[in-house]
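The values are calculated or read from the model by the stated rules, or taken from the named source; none is laboratory data. Nothing here was measured: the structure is a model prediction, and the numbers come from that model. Because the Cβ atoms are built from the backbone with ideal geometry, glycine has one as well, and the counts that use them run over all protein chains shown. Just so you know, the surface numbers come from the protein's heavy atoms only, side chains and all, with ligands and any DNA or RNA stripped out. Shrake-Rupley method; radii C 1.70, N 1.55, O 1.52, S 1.80 Å.
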Amino acid sequence: MTLLNRLTLKNLKLNKKRTIVTVIGIILSVALLTAVASMFFSARESLIQFQKQEQGNYHYSFTSVLQEGVQELKQNRKIESLYVTKTLGYAKLDGVENEYKPYAYVKEFDQEALENMSITLTEGRLPENANEILIPTHLKSNGGLALKVGETITLEVGTRVSEGGVLNQFNPFNTEVPEEIVDTQTKTYKIVGIMERFAYRIENYEAPGYTFVSYLEDSDSVKEADVYVRYTKEGLKDYLRTTAQILEVDEEAYVALNGPGAAFTEEEHAEFQEKVGEPKYDAVANDYLITLESGVFGDSTLNALASAVVIVVIIIIVTSVFCIKNSFDISITEKIRQYGMLASIGATKKQIKKNVYYEAMILGALGIPLGILSGVFAAFVLIQISNLFIGDMLDFDLVFSFSWLAILFAVVLGIVTLLLSARKSANRASKIAPIQAIRNSGEIKIRAKKIKSPKWVKKVFGIGGEISYKNLQRSKKKYRTTVVSIVVCVSVFIALSSFVNLAFDTIRAEFQGTDYNLQLVYQNNEEIEEKKEEIRNLEGVKRFIDTAFTSVEFEADEEQFTDEYLKVYPKAGKDYKDENGEMQKYYESLDVRVINEEAFQEYVESLHLKYEEVKEKGILLNTVWVSQYDEEGKYSQIEMEQYSMKAGDRIKGQVTLDYDEDAQNATADLDIEIAKVTDEVPMGMEEYRASASLVVGGSYYGKILNSHHHAYIYIDSEDAGKTQEEIEEIFDNMSSYDGYYHLNNLEENARMMQSFYTLISIFLYGFITVIALIGVTNIFNTITTNMNLRRREFATLKSVGMTKKEFNRMIQLESFFYGMKSLVIGIPIGCVLSYLIYHVLAGGEIVIAYSLPIAAILISIIAVFLLITVIMKYSIGKINKQNVIETIRNENI
Amino acid sequence: MEILKVENLTKIYGKDSTEVVALDHVSFSVQKGEFVAIVGASGSGKSTLLHLIGGVDRPTEGKVYIDGKDIFEFDDDKLAIFRRRQVGLIYQFYNLIPILNVEENITLPLSLDNREVGEEKLNELLKTLGMESRRTHLPNELSGGQQQRTSIGRALITNPSIILADEPTGNLDSKASDEIVELLKKSNWDYNQTIIMITHDMEIAKYADRILKLEDGRIVGE
């Protein structure tokens, strides 16, 4: 080790505290980088796992490969593993209700294929011999054929042919063209398990056969097999060429034809097709898995994630460079005399530069490995936390993946960060002129004009206040780093916390705004009609309302609208000329909601009306929120009454009966009296409407709605989860129900959103905390060193008679001054950011009003002053312990 | 009138094997208006003596009376206040506060005491120091001699009982050195200011009324 390097080591040891703090800064920054990279690779690994689980763990499948070919593939060096499956053929299934899917498609899988081809058992076990078989779940749900584990089935398995051609799973069942199964053999199987339906690459949506899987006992004796292969890394790198080689086609043409980004005219396509020639087998790529596995940033999800990673990494590096640079700066300033001395005895610029980099290297050697360890650990913990919070939101579990690439990434970026940080200091150190350095005169360059303090400072705070105020101005550059660190942390913290609050407020507002927790969207039919009562009577259902929509058109004149409304919609109620110049009557369209009788009764009673009297009448919800843009284009919403109609008025018009297959656009007449005008809404109906609505009771079902209307059922249940399951069961058991239905569990939605946002806030707060900590290491180093550098000054002040109390007060004032300065800049920036976030996220919506993030501001103020006070106290303690004389003397040497 | 009395002053640094006796039972007294030089080789204990007299360090044994008061009876804060009123310190390296200008540095002890600065007195002092044209300069805009003159001004502003100068010329060339000693001598004459100056330069010491020679922590001659 050279003398210079030994000197550096000694200096690092001498300034142990600062070295440790700097190393902590490096650890934090490398840990963040590692965690970010590890999370990214873990996400990638999770997606790969998910794909393997969903689609199967293979890259290509080749169909109808002869035994000879199978052996060839086995020999292929670019193939990592291969699974052999054999197609036995189709067998007609008795009792299947789906007329387009009448067959069982029987396959035999070898052991590897069973393990790797994404078989998800819902019941039972995998087959262990050729007499055992797996059936898919959709045989029951889609085909209506319920077979149980343990039962035995006999299948007449054979080749499916039509008009002389052999058909496979890619030929849908066509009811028009007759087909048959020939060369059948009788097979008897014991059902040993039920599995989920295969992904579409294996069983496409139009496939005519349910895939049954049995066991392939001897893969070497199969004459013709379907083979699934995984390529080696080598083979995957250029997977199109690998495939072309296997298919024995023209490589260039195959790549051109199947490669990404190429746009062809039809002729060109045909030309390439011809050039490629006849492939040896039919090949199907498991392309998503290939993209995921072949490139790091192959797929769009990962690409989006990667851009987020890039932004985060830039933030980390900028913050870290900023902070770590500062500690190098400090170290160099302290050693300026030493470097000058070294230069004066003949150290070259290069040697001195090297020496600074050596220091960086030592710090890196300490910080980077520890940073990587903690980063990997943090990523591991974060993934567990993520699974805890959003495990049931994703279809798959996030898995932690230890990736050397991630570590390499962090190491490289860590080193880059360090080099960037050390570079300027190294240059500065090498440029130090010997004499200037020894006299240490280059460091303090101040002009009297620049240092001024207002008179009041001295008046209020005394000479101590003046000195501390001036000090801030003197070391502007040094304190700038501190102030900027604090400003960044404070403003980002305020912005983030208002983002998080806004997210949670939104959920709360959405959830609190509703008085139901289950929403069932469905299309009505006779069968559901019967089941409604069953749903109504489920245990735990407190309130139940069935709502259907339609609208009535009626002739209206201006007098029926309020003046306010006419101001916004001046055309309302006025007759107009059509394109042929003929006068047309103005027709007003009014929403009508039909709610079930029981709910209607409850509703009118809550409006203090007598049900018997208003049974046949309607309730007019007349309060509307009208959107409008003023002259400057500013958007606003005004609350107003739409109609000037009153209780007792009648609405006479026509209702269009949609969705009636027999009578398209048939209409029905409606003549109804308004029982009351109100703004109280029945359950499930939103309070904010853009147009008025008429609520009528169940007696109108048959009159203004046909039997296949679309409708919503809103339920307020004591146990939303349980009721949800029960309703789903009811629908599952309605085998002939051909309409759609959709069930929203609002509690569940809110809960999921809540956990999602909680997770996001953990990530965001975690991130800002670590960034803040990096900032703290910087602030700590700046303040303690500044204090240290001013030791002699302090000693002088004491020697001319400054008491301890006065001294402490002076230091406190100094911290107060620049704490204030940072906050005065940081808080407004944070508020502006938080308002921008609010504006972007909640723009235009009236649900939540903007509120200043007061809690975050208070937390920032307290945290900043606490932090600065603690660090100052620490440095003062050290200075106060020093003997005045010793200090003055030491410096004089 | 006796302004300073040093009795049996002893200072021992370190303990046991590393024990260094910097001052060994030194006793002497100084009359008001005297200009005393203390000379001695480095390590003879002269700086220690000065710092003890200035009350910035505490002795192992012995007493220092300034104006009849035992200064080590005071606690640290009282001592600090006593120091800013009664003692003026001048250092080899000036030890000015870099962010305060000449005028502010000079008036610092008064400011610490929250006392008003007499404009007349300040002007007179600046004139004496020859620093009138530099009153708003910062220390790093001054030459070494000018900085030292500023620190003398700082020592004089409070009309202290005693001025202690620690190698005030140690860092200056001979011309500047002469100017500084002349200045000290002048203040000694004009204000009847008591001055104790440490130096290893016999030429400089000759300006003093009285020379104390220190060797191995003891006074070996006058």
Q: Please specify each residue of the range A:105-151 satisfying the condition of being small (G, A, S) and closer than 24 Å to A:S221 by Cα.
A: A:A113, A:A130
Q.
Looking at B:Q92, B:Q86, B:Q147 in this structure, which one is open to solvent by 30 Å² or more (accessible area, probe 1.4 Å) and more than 10 Å from chain A (Cβ to nearest Cβ)?
A. B:Q147
(Q) Being in contact with a helix residue (DSSP H, G or I) (Cβ under 8 Å, 6 or more places away or on another chain) and surrounded by 21 or more Cβ atoms within 10 Å (Cβ to Cβ) is the requirement here; does A:L759 meet it? (A) no
Q: Being modelled with pLDDT of 85 or more, crowded, with 17+ Cβ neighbours inside 10 Å and within 11 Å of another protein chain (Cβ to nearest Cβ) narrows it down to one of B:V102, B:V64, B:V39, so name that one.
A: B:V102
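Yes or no, residue by residue, for (1) farther than 27 Å from A:F756 by Cβ; (2) surrounded by 15 or more Cβ atoms within 10 Å (Cβ to Cβ); (3) in contact (Cβ under 8 Å) with a residue 24 or more places away in the chain:
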{"position": "A:C489", "(1), (2), (3)": "no, yes, yes"}
{"position": "A:S498", "(1), (2), (3)": "no, yes, yes"}
{"position": "A:I507", "(1), (2), (3)": "no, yes, yes"}
{"position": "A:V521", "(1), (2), (3)": "no, no, yes"}
{"position": "A:E526", "(1), (2), (3)": "yes, no, yes"}
{"position": "A:G540", "(1), (2), (3)": "no, no, yes"}
{"position": "A:F544", "(1), (2), (3)": "yes, yes, yes"}
Q: Could you tell me which numbered condition B:L126 fails, if it satisfies all but one of (1) within 14 Å of chain A (Cβ to nearest Cβ); (2) in contact with a Lys or Arg (Cβ under 9 Å, 6 or more places away or on another chain)?
A: (1)
(Q) Consider the range A:156-202. How many of its residues are assigned to a loop (DSSP other than H, G, I, E, B), open to solvent by less than 20 Å² (accessible area, probe 1.4 Å) and closer than 16 Å to A:A104 by Cβ? (A) 2
Q: Report yes if some residue within the range A:273-288 is more than 40 Å from the chain's Cα centre (by Cα), surrounded by 18 or more Cβ atoms within 10 Å (Cβ to Cβ), touching a residue at least 12 places away in the same chain (Cβ under 8 Å) and not assigned by TED's automatic domain parsing to the domain that holds A:E179; otherwise report no.
A: yes
Q: Could you figure out which of (1) at pLDDT 80 or above; (2) farther than 23 Å from A:V681 by Cβ; (3) open to solvent by less than 70 Å² (accessible area, probe 1.4 Å) isn't true of A:A548?
A: (2)
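Residue-wise test of (1) open to solvent by 30 Å² or more (accessible area, probe 1.4 Å); (2) modelled with pLDDT of 80 or more; (3) outside the structural domain of A:T333 (by TED's automatic domain parsing).
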position: A:R792; (1), (2), (3): yes, no, yes
position: A:K804; (1), (2), (3): yes, no, yes
position: A:S822; (1), (2), (3): no, yes, yes
position: A:Y850; (1), (2), (3): yes, no, yes
position: A:I862; (1), (2), (3): yes, yes, yes
position: A:I871; (1), (2), (3): no, yes, yes
position: A:S875; (1), (2), (3): no, no, yes
Q: Go through the range A:769-804 and count every residue that is of a type in the set (G, A, S), out of contact with any strand residue (DSSP E or B) (no Cβ under 6 Å at 6 or more places or on another chain) and within 14 Å of another protein chain (Cβ to nearest Cβ).
A: 2
Q | Residues that are under 14 Å from A:R593 (Cα atoms) and at pLDDT 80 or above, drawn from the range A:644-679 | A | A:V655, A:L670, A:I672, A:I674
Q | the range A:562-585: number of residues that are closer than 20 Å to A:Q654 by Cβ and surrounded by 16 or more Cβ atoms within 10 Å (Cβ to Cβ) | A | 2
Q. For the range A:512-523, does any single residue satisfy the condition of being in contact with a helix residue (DSSP H, G or I) (Cβ under 6 Å, 6 or more places away or on another chain), at pLDDT below 75, assigned to a helix (DSSP H, G or I) and of a type outside the set (S, T, Y)?
A. no
Q: Could you check, for the range A:603-624, whether at least one of its residues is touching a Lys or Arg at 6+ places or on another chain (Cβ under 8 Å) and open to solvent by 40 Å² or more (accessible area, probe 1.4 Å)?
A: no
Q) How many of the residues making up the range B:105-139 are surrounded by fewer than 17 Cβ atoms within 10 Å (Cβ to Cβ) and either modelled with pLDDT under 80 or among the small types (G, A, S) (or both)? A) 8
Q: Write out, first by first residue and then by second, each pair whose Cβ atoms fall under 8 Å of each other, whose residues are 6+ apart or on separate chains, and whose first residue, in the range A:603-625, is in contact (Cβ under 8 Å) with a residue 60 or more places away in the chain while the second is of a type in the set (S, T, N, Q) and in a helix (DSSP H, G or I).
A: A:K615/A:S699; A:E616/A:S699
Q. Is there any pair linking a residue in the range B:60-89 that is closer than 15 Å to B:D113 by Cβ and among the basic types (K, R) to one that is open to solvent by less than 30 Å² (accessible area, probe 1.4 Å) and part of a strand (DSSP E or B), with Cβ under 9 Å and at least six apart or on different chains, and which?
A. B:R83/B:L89
Q.
For a quick check of your reading: which strands (runs of 3 or more DSSP E) sit entirely within the range A:70-147 and have at least 3 residues that are open to solvent by 30 Å² or more (accessible area, probe 1.4 Å) and either in contact (Cβ under 8 Å) with a residue 60 or more places away in the chain or touching a Lys or Arg at 6+ places or on another chain (Cβ under 9 Å) (or both)?
A. A:79-92, A:121-124
Q. Which is surrounded by fewer than 19 Cβ atoms within 10 Å (Cβ to Cβ) and outside the structural domain of A:T656 (by TED's automatic domain parsing), of A:E726, A:E673?
A. A:E726
(Q) Given (1) more than 7 Å from chain A (Cβ to nearest Cβ); (2) closer than 27 Å to B:G14 by Cβ, identify the lone condition not met by B:D76. (A) (1)
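For every residue, the table says whether it meets (1) modelled with pLDDT under 75; (2) assigned to a helix (DSSP H, G or I); (3) touching a Phe, Trp or Tyr at 6+ places or on another chain (Cβ under 7 Å).
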{"residue": "A:H742", "(1), (2), (3)": "no, no, no"}
{"residue": "A:S755", "(1), (2), (3)": "no, yes, yes"}
{"residue": "A:G766", "(1), (2), (3)": "no, yes, no"}
{"residue": "A:V770", "(1), (2), (3)": "no, yes, no"}
{"residue": "A:L773", "(1), (2), (3)": "no, yes, no"}
{"residue": "A:T777", "(1), (2), (3)": "no, yes, no"}
{"residue": "A:F780", "(1), (2), (3)": "no, yes, no"}
{"residue": "A:N788", "(1), (2), (3)": "yes, yes, no"}
